[in-house]
Amino acid sequence: MITCETIILMNDDDLSRYFPAYGDKLAVVSFAKQQEKKEKVNARKSTLFEKLSWKMSRKNETQAGPSKDVQSRNATKQGRKIEVGWMDYNHIKEEYSQVRTKQPSVVVVYGS
């Protein structure tokens with residue numbers, strides 16, 4: 001049995017054993033290439049569909065959210081990093097440049 005992959009790899013002499021007419025050879029090779037392309041597209045689509053369904057199933061599992069007893073790590077932090085910066089306009093270059101502190105300040109948050 002000859003597959004589409006085999007037909008694509010065959011040279012003109014090999015194809016002439018099975019298809020003596022030149023037009024038939026061109027048609028068969030064209031058909032084989034189209035089938036290969038369809039198979040690749042279908043494989044890609046199925047792979048993407050599997051990834052999407054896997055992500056959707058994970059999303060549904062995590063939608064329940066954390067329990068009320070467990071707090072997020074960020075909510076329990078006592079300090080926050082605050083960066084100060086602004087955009088400074090340079091009249092010579094006629095453009096803005098970003099200016100910010102070298103190291104962020106740590107602010108301790110009290111309360112709740």
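The values are calculated or read from the model by the stated rules, or taken from the named source; none is laboratory data. Predicted model only: the values in this text are computed from it and were never measured. In this analysis, Cβ positions are derived from the backbone assuming ideal geometry, glycine residues included, and neighbour counts consider all displayed protein chains. Note: areas computed on protein heavy atoms with side chains; ligands, DNA, RNA excluded. Shrake-Rupley method; radii C 1.70, N 1.55, O 1.52, S 1.80 Å.
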Does Glu39 meet the test of being touching a Ser or Thr at 6+ places or on another chain (Cβ under 7 Å) and at pLDDT 80 or above? no
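Would it be correct to say that Leu52 is surrounded by 10 or more Cβ atoms within 10 Å (Cβ to Cβ), more than 30 Å from Leu15 (Cα to Cα) and either modelled with pLDDT of 90 or more or within 32 Å of the chain's Cα centre (by Cα) (or both)?
Yes, satisfied.
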Checked Asp69, Asp24 against criteria (at pLDDT 90 or above and either open to solvent by 100 Å² or more (accessible area, probe 1.4 Å) or assigned to a helix (DSSP H, G or I) (or both)); the one match is Asp24
If you take the residues of the stretch 84-104 that are assigned to a loop (DSSP other than H, G, I, E, B) and surrounded by 10 or more Cβ atoms within 10 Å (Cβ to Cβ), which of them is modelled with the lowest pLDDT? Pro104
What number of residues within the stretch 27-49 satisfy the criterion of being within 31 Å of the chain's Cα centre (by Cα) and either among the small types (Gly, Ala, Ser) or open to solvent by less than 80 Å² (accessible area, probe 1.4 Å) (or both)? 7
